[in-house]
1. Hey, what number do you get for the chain at 222 nm if only DSSP H runs of n ≥ 4 count, each worth -39500 (n - 2.57), divided across all residues, to the nearest 500?
2. Springs between alpha-carbon atoms under 10 Å, Gaussian network over the chain: tell me which of Ala27, Ala48, Ala12 tops the mean-square fluctuations.
3. Label Glu7 and Ala51 with points 7 Å out from Cα along Cα→Cβ: what is the distance between them in nm?
4. Rounded to the nearest 0.05, what FRET efficiency is calculated for Arg73 and Asp17 with R0 set to 30 Å and r the Cβ-Cβ distance?
5. Which entry in (i) 50, 27, 22; (ii) 28, 22, 19; (iii) 37, 30, 22 matches Cα extents along the principal axes in Å derived from the coordinates of this structure?
6. If each residue of separation counts as 0.36 nm, what is the full-extension length gain between Lys35 and Glu58 once their alpha-carbon separation is subtracted?
7. Name the most mobile residue of Pro36, Pro15, Pro57, meaning the one with the largest mean-square fluctuation, in a Gaussian network model of the chain with Cα contacts below 10 Å.
8. With +1 on each Lys and Arg Cβ and -1 on each Asp and Glu Cβ, how big is the dipole of the chain about its Cα centre, in debye rounded to the nearest 20?
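Every number in this text was worked out from the coordinates using simple rules, so none of it is lab data. Worth saying up front: this structure is predicted, and the values here are computed from it rather than measured. Cβ coordinates were reconstructed from backbone atoms using ideal geometry, including for glycine residues, and neighbour counts include every protein chain displayed.
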Amino acid sequence: MPFGPQEDVAGADIPCDTWHTVVSLEAGSVFYEAKPGPFDPSHKSDMASWAPAEGSPEAAVYLQGLVDLVVARG
């Protein structure tokens, strides 16, 4: 779902325990996510087991696929 200043939607409320992702297409975009705490950055269970590791070559390919998908739907 595209959202931003030129769209009818400025944000999204995603239910708890729902896998989601955000793809930024504009420099300077801000993403804010709030969830129950306390946050523990060493706890990796919040990441999908099927997702490529952050910073890996597979992650770059995965991200480009998401960008292509969003742009195609735009």
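1. -7500 deg cm²/dmol
2. Ala27
3. 1.8
4. It comes out at approximately 0.75.
5. (iii)
6. Net length gain for the segment: 5.5 nm.
7. Largest GNM mean-square fluctuation: Pro36.
8. Computed charge dipole of the chain: roughly 100 debye.
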